[in-house]
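What follows is a single structure, written as structure tokens, with notes after it.
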């Protein structure tokens, strides 16, 4: 739950830092599942950039895609997929994205960017009113960090067993079919990066799980069940 609480707090920070009236960068829509940002170049052109926050967040970064083929945008998005640790957090991801876009378009990043994205400065909401108590916020921040450290420790322990877990998941599946699953997963990620796919990441994950179950089933192995994968043009 610490990760979810931190995610909600980071989303609040982003919404406060980049309102829909901002002239450079806006958070158009935000939830714990999806994030939509808008970058406005110096020519006034608007670029909508989306992020899907998957079930593996923050162990892996959000999946970003955009409705444009502009290389400045696609290159910036691609760099976000190569992060790790705290840089996987949506707050850091948006900061990196904005800096990459400003550099690519020859624009200056907001001079107060760090202050805008300061978690400690987020007001606490009590009975519908914003009440700022910096001492309480600092304590809350410390507790969040301790909880995050515990989460990261858990993730590290999980990583130690990741190989055996992956082996169990793939147990009973023919190597050729495993290669098909890996290829499908890679293609899906590229489609998301290009913004050329509809539907959610969760739906794709469920589909991949169902394919694994089919490949592992006795009916498929005995030939009484046939599976044909069709690609759309």
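Things to note:
- In this structure, residue 118 and residue 217 have a Cβ-Cβ separation that, at R0 = 45 Å, corresponds to a calculated FRET efficiency of about 0.30.
- Spherically averaged projected area in nm², based on the convex hull that wraps the Cα atoms of the range 2-126: 7.7
- Segments 56-69, 30-43 sorted - mean Cβ within 10 Å per residue, highest first: 56-69, 30-43
Computed from the coordinates by the stated procedures, all read-outs in this text should not be read as laboratory data. Note that the coordinates shown come from a computational prediction; the quantities given were computed from them, not determined experimentally. With ideal geometry, Cβ positions are generated from the backbone for all residues, glycine too; neighbour counts draw on all protein chains shown.
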